[in-house]
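Trainee: Starting off with a structure, shown below.
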Amino acid sequence: MCGIIGYTGQNDSVPILIEGLKALEYRGYDSAGISVSKDNSIKTVKSKGRLDRLAEKIKQTGNIFGNCGIGHTRWATHGEPSDVNSHPHCAETLALVHNGIIENYAEIEEVLVGAGYTFESDTDTERAAKLIDMFYKKEHDPLYAIRKACRVIRGSYALGIIFNDIKDTIFATRKDSPLIVSKSDSGCLIASDIPAILGYTREYYRLGEGIIAKIEKSDITFYDENGDTTEATLEKINWNVEQAQKGGFPHFMLKEIHDEPDAVRKTLSPHMKDGLPYFDVPLLDTEKIASFDRIHIVACGTAMHAGIIGKTVIERLARIPVNVEIASEFRYRDPILGKNDLVILISQSGETADTLAALRHCKAEGVFTLAIVNVVGSSVAREADAVLYTGAGPEIAVASTKAYTVQCALLYLMAIRIALAANKISTGEAANLCASMLKTIPESIYDILSKNDVIRNIASRLVSCEHAFFIGRDMDASIATEASLKLKEISYIHSEAYAAGELKHGTISLVTDGTPVVALATVEKICEKTVSGIREVKSRGGYVIVATTPSLAEKYNIPYDSIIPLPEIPEFLLPFPLITSVQMLAYHVSALKGLDVDKPRNLAKSVTVE
Ligand code: M6R
């Protein structure tokens with residue numbers, strides 16, 4: 001949802017800005033731009049489209065260089081992607097980049113029009129730039145101007161600003177949108193996210209809400225809302241450069257699917273002790289768990305789909321009712337939250353605006369909140385009562401894969417912990433489950449990775465279709481939701497997930513000759529019923545791809561046109577190789593179609609606006 005980079009230091013800022021934008025392109029990629037300051041003037045180059053177009057334009061423009069600059073890669077909110085709507089936005093005294101949404105931009109525009117301003121773009125950001133410009137012209141004090149403007153602005157923002165008469169200095173501030181600042185040997189940087197600074201430093205400061213940072217060549221000063229200087233905590237980066245690179249794979253998505261076995265181990269191991277689940281948070285003490293009446297899981301997109309898996313497994317093992325809620329709906333529908341309820345927020349980025357807003361709603365209602373987050377120190381992680389980190393490492397592809405797998409793995413482990421505390425399973429059973437998770441999940445994912453060619457062949461059957469369905473029952477129905485999302489978001493094939501028994505209540509009218517239907521069949525107790533659903537599809541000419549184990553296929557005489565053979569492992573853990581297999585299927589369809597797998601149209605990795 002827009003990437004911001006800024007650099008001031010000993011070197012020319014232009015290559016550093018371009019490299020930083022490349023590392024942030026997953027956050028938005030419909031247009032990009034940079035502004036560089038030199039000798040009391042700011043030069044700006046902006047371009048619709050991908051970064052290489054901007055780089056080409058910079059080359060053509062020629063003489064753009066300078067030690068201090070800001071850059072931006074955009075996911076459009078106000079105004080279509082175009083050169084003029086791209087950031088940075090300039091006013092007479094400054095250039096500014098913004099990530100977020102300014103809700104009262106129309107009011108601000110009215111004030112500015114009254115003061116004689118005119119506008120070039122359709123963006124909320126240009127209004128913010130000109131508002132700061134108006135205040136700057138009054139006092140010639142950048143801190144005053146930014147503070148005054150931020151008091152007027154409603155909405156979310158991370159801002160990077162350079163003034164044409166303040167040499168080699170960037171100002172930054174934020175509210176509800178992420179921004180980090182850091183020092184390196186050759187200068188100081190601002191960025192939306194860690195991958196942009198990984199090549200320069202291992203340490204950074206996460207800018208606090210409402211704090212203004214003044215970033216000079218070798219110094220960073222933080223100011224609080226009253227204008228007094230304040231301290232920030234230096235944090236260490238626990239990712240390395242290689243983790244945020246493709247590592248020889250043609251796409252980040254494929255590389256990240258291959259990361260899954262290791263990511264599962266890195267997620268589970270820190271949360272196991274003496275062979276049992278171990279969560280070092282008071283919220284998951286035995287007594288506390290016993291007091292929970294209900295659990296709510298709140299998240300968006302893929303993370304919400306992991307929540308559905310969490311519901312299935314927690315209810316099955318611990319017999320505690322679990323609601324799964326879409327974060328963007330949650331707080332607006334006045335949810336019933338009891339004092340003995342636990343709310344689990346799930347987020348890869350920890351910056352998703354809807355999830356963060358849901359978390360704040362729960363806190364205001366006095367309900368316990370527990371976050372499952374991948375990015376250390378992110379907003380959701382910091383604001384929840386307790387946090388459990390997943391060990392996926394950086395996830396760059398817009399389509400989430402390894403983050404989902406590890407979210408599911410952690411929810412499984414939590415389910416075992418909750419079931420143990422609620423006396424629904426014995427210590428011996430819990431120990432057996434833990435041991436088998438740690439060993440079998442990574443092994444079974446490797447098994448699926450080795451079936452790459454089989455899955456690619458099946459994918460080739462989907463390439464030319466316009467619609468597809470994923471069906472399954474019980475746990476398989478939960479996984480179908482994510483399988484369907486994966487396919488549609490990167491292949492642009494319309495796809496729907498259905499509980500296999502529900503298809504006949506309407507949707508089966510869409511199944512005609514050759515319609516692909518992917519049937520997930522791993523739950524033995526209901527396999528016969530799933531088979532009935534598959535037969536209904538086949539009798540209407542549907543092309544059935546089944547994902548199941550060879551033994552279930554044989555025992556239940558499952559009809560199919562193609563099969564994704566899953567490894568013969570305990571049913572409880574079959575969801576994991578199944579998840580990987582449907583991620584691979586979606587990946588291959590997209591790659592075979594020649595699409596931009598890692599950057600699907602209209603999307604961005606981290607959705608920091610509501
Ligand atoms: O960072 P989060 O996990 O909070 O993101 C939530 C969704 O935006 C995200 O899972 C999205 O649905 C995926 N990119 C889809 O693959």
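The values are calculated or read from the model by the stated rules, or taken from the named source; none is laboratory data. Given the structure is predicted, the values throughout are model-derived calculations rather than measurements. Every residue, glycine among them, receives a Cβ derived from its backbone with ideal geometry; neighbour counts consider all protein chains shown. SASA here: full protein model, heavy atoms, side chains in, ligands and nucleic acids out. Shrake-Rupley method; radii C 1.70, N 1.55, O 1.52, S 1.80 Å.
Trainee: With +1 on the Cβ of every Lys and Arg and -1 on the Cβ of every Asp and Glu, and nothing else charged, how large is the dipole of region 253-448 about its Cα centre, in debye rounded to the nearest 20? Intermediate results must be reported in sequence, preceding the final value.
Mentor: Numbers: 19 positive and 23 negative charges, 50 e Å.
Here region 253-448 has a charge dipole of around 240 debye.
Trainee: Please give the charge dipole size of the chain, origin at the Cα centre, charges +1 on K and R Cβ atoms and -1 on D and E Cβ atoms. Round to the nearest 20 debye. Intermediate values should be presented prior to the final figure.
Mentor: Working: 65 positive and 78 negative charges, 144 e Å.
In total the dipole reaches around 680 debye.
Trainee: Quick check on the chain: of the DSSP beta bridges with both residues there, what percent are antiparallel, nearest 5%?
Mentor: Values: 64 of 103 bridges.
The antiparallel fraction comes to roughly 60 percent.
Trainee: Calculate, in nm to one decimal, what TYR278 and THR507 gain on full extension: separation in residues at 0.36 nm each, minus their alpha carbon distance.
Mentor: Value of the extension gain: 78.0 nm.
Trainee: If you don't mind, there's one more thing I want to ask. Taking the DSSP beta bridges in region 268-352 as the whole, what percent of them are antiparallel, to the nearest 5?
Mentor: Values: 2 of 12 bridges.
The answer is about 15 percent antiparallel.
Trainee: Still on this model: Taking only the C-alpha atoms, wrap a convex hull around region 8-76 and report its volume per residue in Å³ as a whole number.
Mentor: 76 Å³
Trainee: A further question follows. Using a Förster distance of 30 Å, how high is the FRET efficiency between TYR144 and GLU107, based on the Cβ-Cβ distance and rounded to 0.05? Walk me through the numbers on the way to the answer.
Mentor: Values: r = 21 Å, r/R0 = 0.70.
The computed FRET efficiency comes out at 0.90.
Trainee: For the Cα atoms of the chain, what angle does the longest principal axis make with the long axis of helix 142-152, in degrees from 0 to 90, nearest 10?
Mentor: With rounding to tens, the tilt is 50 degrees.
Trainee: Calculate the dipole size of region 452-592 relative to its Cα centre from +1 charges on Lys and Arg beta carbons and -1 charges on Asp and Glu beta carbons; express the result in debye to the nearest 20. Write down the numbers at each step before the final one.
Mentor: On the way: 12 positive and 16 negative charges, 41 e Å.
In debye, rounded to 20, region 452-592 gives about 200.
Trainee: Tell me, in nm to one decimal, what length is gained between LYS363 and GLU225 on full extension, where the rule is 0.36 nm per residue of separation less the Cα-Cα distance? Don't skip to the end; give the middle numbers.
Mentor: Details: separation 138, 0.36 × 138 = 49.68 nm, distance 2.34 nm.
Using 0.36 nm per residue and subtracting the Cα-Cα distance, I get 47.3 nm.
Trainee: Along the positive direction of the dipole of region 253-448 (beta-carbon charges: Lys, Arg +1; Asp, Glu -1; about the Cα centre), which of THR390, ASN323, ILE257 reaches farthest?
Mentor: Ranked along the dipole, the leading option is ASN323.
Trainee: When the Cα centres of region 111-139 and region 482-547 are compared, how far apart do they sit, in Å?
Mentor: 54 Å
Trainee: Please provide three numbers in whole Å: the alpha-carbon extents of region 424-518 along the principal axes, with the largest listed first.
Mentor: Here the Cα extents, ordered largest to smallest, are 50, 34, 21 Å.
Trainee: Quick one: the Cα spread of region 452-592 along its three principal axes, in angstroms, biggest first?
Mentor: Principal extents (largest minus smallest coordinate, Cα): 34, 32, 22 Å.
Trainee: Still on this structure: To the nearest 10 Å², what's ILE215's accessible area with a 1.4 Å probe?
Mentor: So the heavy atoms of ILE215 present about 0 Å² to solvent.
Trainee: Throw me the Rg/Rh for region 262-399, computed over C-alpha atoms with Kirkwood Rh, two decimals.
Mentor: Values: Rg = 14.3 Å, Rh = 15.2 Å.
In region 262-399, Rg relative to Rh is 0.94.
Trainee: On to the next question. How about LYS138: which lysines have a C-alpha closer than 21 Å to its C-alpha, ignoring those fewer than 8 places off in the same chain?
Mentor: Excluding near neighbours in sequence, the set is LYS130, LYS148, LYS167, LYS214.
Trainee: Using a 1.4 Å probe on the protein heavy atoms, what percent of the accessible area of the chain belongs to carbon and sulfur?
Mentor: Details: 10900 of 22720 Å².
Within the chain, the accessible surface is 48 percent carbon and sulfur.
Trainee: Got a sec? What order do LYS167, LYS148 fall in by accessible area at 1.4 Å, biggest, i.e. largest, first?
Mentor: Working: LYS167 155, LYS148 75 Å².
Highest to lowest solvent-accessible surface, that is LYS167, LYS148.
Trainee: Exceeding 24 Å between C-alpha atoms, which entries from my cross-link table qualify? They are LYS273/LYS339; LYS451/LYS593; LYS236/LYS288. Intermediate results must be reported in sequence, preceding the final value.
Mentor: Details: LYS273/LYS339 30 Å; LYS451/LYS593 20 Å; LYS236/LYS288 32 Å.
Flagged as over cut-off: LYS273/LYS339; LYS236/LYS288.
Trainee: Would you mind giving the three semi-axes, in whole Å and largest first, of the ellipsoid equivalent to region 3-245 according to its Cα gyration tensor?
Mentor: Values: eigenvalues 120, 90, 57 Å².
One finds semi-axes of 24, 21, 17 Å for region 3-245.
Trainee: Please compute the length gained on full extension between LYS593 and ARG294, using 0.36 nm multiplied by the number of residues separating them and subtracting their Cα-Cα distance. Provide the component values of the computation, followed by the final result.
Mentor: Working: separation 299, 0.36 × 299 = 107.64 nm, distance 4.45 nm.
Difference between extended and current length: 103.2 nm.
Trainee: To continue, here is another question. In vacuo Debye scattering of the chain, one point per C-alpha: log10 I(q)/I(0) at q = 0.07, 0.09 Å⁻¹?
Mentor: Evaluating at q = 0.07, 0.09 Å⁻¹ gives log10 I(q)/I(0) of -0.46, -0.74.
Trainee: Something else now. Return the FRET efficiency for the residue pair LYS167, TRP239: r is the Cβ-Cβ distance, R0 is 51 Å, and the value is rounded to the nearest 0.05.
Mentor: Numbers: r = 33 Å, r/R0 = 0.66.
Efficiency for this residue pair is about 0.95.
Trainee: With every protein chain kept in the model, how would you rank ASP168, ASP52, ASP513 by accessible area, 1.4 Å probe, largest at the top? Could you put the intermediate results ahead of the total?
Mentor: Values: ASP168 25, ASP52 110, ASP513 135 Å².
Sorted by accessible area, descending: ASP513, ASP52, ASP168.
Trainee: How high is the relative contact order of the chain, given as a whole-number percent (alpha carbon pairs under 8 Å, six or more residues apart)?
Mentor: Numbers: 1400 pairs, mean separation 73.1, N = 610.
Taking the mean separation of contacting Cα pairs over the length of the chain, I get 12 percent.
Trainee: I'd like to check one number: the per residue accessible area of the chain, probe 1.4 Å, reported in Å² as a whole number. Walk me through the intermediate numbers first.
Mentor: Numbers: 22720 Å² over 610 residues.
It amounts to 37 Å² per residue over the chain.
Trainee: Among THR93, TYR117, LEU143, whose Cα projects farthest towards the positive end of the dipole of region 71-149, with charges put on the beta-carbon of Lys, Arg (+1) and Asp, Glu (-1)?
Mentor: LEU143
Trainee: Report, in deg cm²/dmol and to the nearest 500, the calculated mean residue ellipticity at 222 nm for the chain, where each DSSP H run with n ≥ 4 adds -39500 (n - 2.57) and the sum is divided by the residue count. Mind showing how you got there, number by number?
Mentor: Details: 19 runs with 229 residues, N = 610.
Helix-only estimate at 222 nm: -11500 deg cm²/dmol.
Trainee: For the peptides 340-346, 330-336, what is the packing order when you average, over each peptide's residues, the other Cβ atoms within 10 Å and list the highest mean first?
Mentor: On the way: 340-346: 25.0, 330-336: 14.1.
The packing order, highest mean first, is 340-346, 330-336.
Trainee: May I ask you to derive the FRET efficiency for THR118 and ARG333 from their Cβ-Cβ distance with R0 = 51 Å, giving the value to the nearest 0.05?
Mentor: Details: r = 42 Å, r/R0 = 0.82.
Result of the calculation: an efficiency of 0.75.
Trainee: Still on this model: Considering only ILE5, SER182, ILE458, whose Cα is most displaced toward the positive end of the charge dipole of the chain, charges sitting on Cβ of Lys, Arg (+1) and Asp, Glu (-1)?
Mentor: Result: ILE458.
Trainee: First select every other residue whose beta carbon is under 12 angstrom from the beta carbon of GLU482; then total the charges, Lys and Arg +1, Asp and Glu -1.
Mentor: Details: positive: LYS486, LYS488; negative: ASP476, GLU489.
After counting each charged neighbour, the total is 0.
Trainee: Write down the radius of gyration of region 198-286 and its Dmax, each obtained from C-alpha positions, in Å.
Mentor: Computed over the Cα atoms of region 198-286, radius of gyration and Dmax are 19.6, 52 Å.
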